[in-house]
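Written out below as structure tokens is the structure these notes cover.
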Amino acid sequence: MNGRDASGGVWREIHGKGGPGHTIVGDVRACYGLYSPQLGDRRDIFVYLPPGYAGGGGPYPVIYMQDGQNLFDQAIAYAGEWRVDETLESLAAEGVAAIVVGVANGGARRLEEYNAYAGQGGAYLDFLVDTVKPLIDQSFRTRPERGATGILGSSMGGLIALHAFFSRPRVFGLAGALSHWMWIAGRIDPAQVCGFVAGSEYAPGRLYLDIGDRECVDATLTGLALAPEQLVVETRRLRDALLAKGYAEGRDFKYLEIAGGGHGEGDWAARLAAVFRFLLGAG
């Protein structure tokens, strides 16, 4: 399972895989402590390879995801698991396949790093584009073109995914924002996000956007207490900005309001199959 990529990084099995509490399914590998010159620290990178990979299949599209420690393994997740591996193992029977790259978040710096408007989001995206993506393309059988390269996240991770689609259009042609959280500099600022979308150059591709009607964000994280209906209204404004930009709902982007949908890893795991089907052109 171990293997050295062209740039010297080592891909290993997840520490403790197969032990008590670990929930990994399929082929998931890790590069521990990848240095980020853009952020000035080290990050763990997790990679899921689809079922056909070991048999020589591919090349495959690649989806880069925020909060990488929460994607594959309950034992290392800090807020629950997305079940990315279980979902894609199941979708393989439908012909839906991709390499998924999970980038661990910066802990206490998470909100800053996923904020490209008033934080370190630009440096984080530079890390993805200039350090992580070249490593992945050198290490695995990928399709490196923008139409097969996506970025996906939830809450603030969705905020940075949407920003990446418009600010790095030569790199990302697919993006998913689940429970998109427009929190900037201590306040909800949909006008700034929608203004950014309106002012950006039109970029072809596929976008997935959703919001639950039971979303509640922990006010201890942001100092804000928001009613779920307010989050729905603000996300509709973003949908309308995409429509005004010329994106066709159902063709270029998928927008869903999830009945009973909340703001947590279990909620996002339940939506994930629909996200992958749409972004990868299967639904």
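Tabulated data
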{"quantity": "Residue match in region 85-93 (condition: surrounded by 17 or more Cβ atoms within 10 Å (Cβ to Cβ), over 21 Å from residue 264 (Cβ atoms) and either hydrophobic (A, V, I, L, M, F, W, C) or at pLDDT below 95 (or both))", "calculated": "yes"}
{"quantity": "Which numbered condition residue 167 misses (of (1) over 18 Å from residue 62 (Cβ atoms); (2) modelled with pLDDT of 95 or more; (3) touching a strand residue (DSSP E or B) at 6+ places or on another chain (Cβ under 8 Å))", "calculated": "(3)"}
{"quantity": "Residue within region 39-53 that is farther than 27 Å from residue 123 by Cβ, at pLDDT 90 or above and of a type in the set (Gly, Ala, Ser) present", "calculated": "yes"}
{"quantity": "Pair list, Cβ < 8 Å and 6+ apart or interchain, from region 246-269 residues that are in contact (Cβ under 8 Å) with a residue 24 or more places away in the chain and hydrophobic (A, V, I, L, M, F, W, C) to residues that are assigned to a loop (DSSP other than H, G, I, E, B) and crowded, with 19+ Cβ neighbours inside 10 Å", "calculated": "253/247; 268/82; 268/179; 269/81; 269/82; 269/83"}
{"quantity": "Residue list for region 54-68, restricted to those being surrounded by 19 or more Cβ atoms within 10 Å (Cβ to Cβ) and at negative phi", "calculated": "60, 61, 62, 63, 64, 65, 66, 68"}
{"quantity": "Residue ID - surrounded by the most Cβ atoms within 10 Å (Cβ to Cβ), chosen from residues in region 16-34 that are closer than 28 Å to residue 123 by Cα and in contact (Cβ under 8 Å) with a residue 12 or more places away in the chain", "calculated": "30"}
{"quantity": "Hits in region 170-213 - residues which are of a type in the set (Phe, Trp, Tyr) and modelled with pLDDT under 90", "calculated": "181, 183"}
{"quantity": "Subset of region 94-136 [among the hydroxyl-bearing types (Ser, Thr, Tyr) and crowded, with 22+ Cβ neighbours inside 10 Å]", "calculated": "114, 124"}
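The values are calculated or read from the model by the stated rules, or taken from the named source; none is laboratory data. Model, not experiment: these values are computed from the prediction. Don't worry about glycine lacking a Cβ; one is built from the backbone with ideal geometry, like all the others, and counts go over all protein chains shown.
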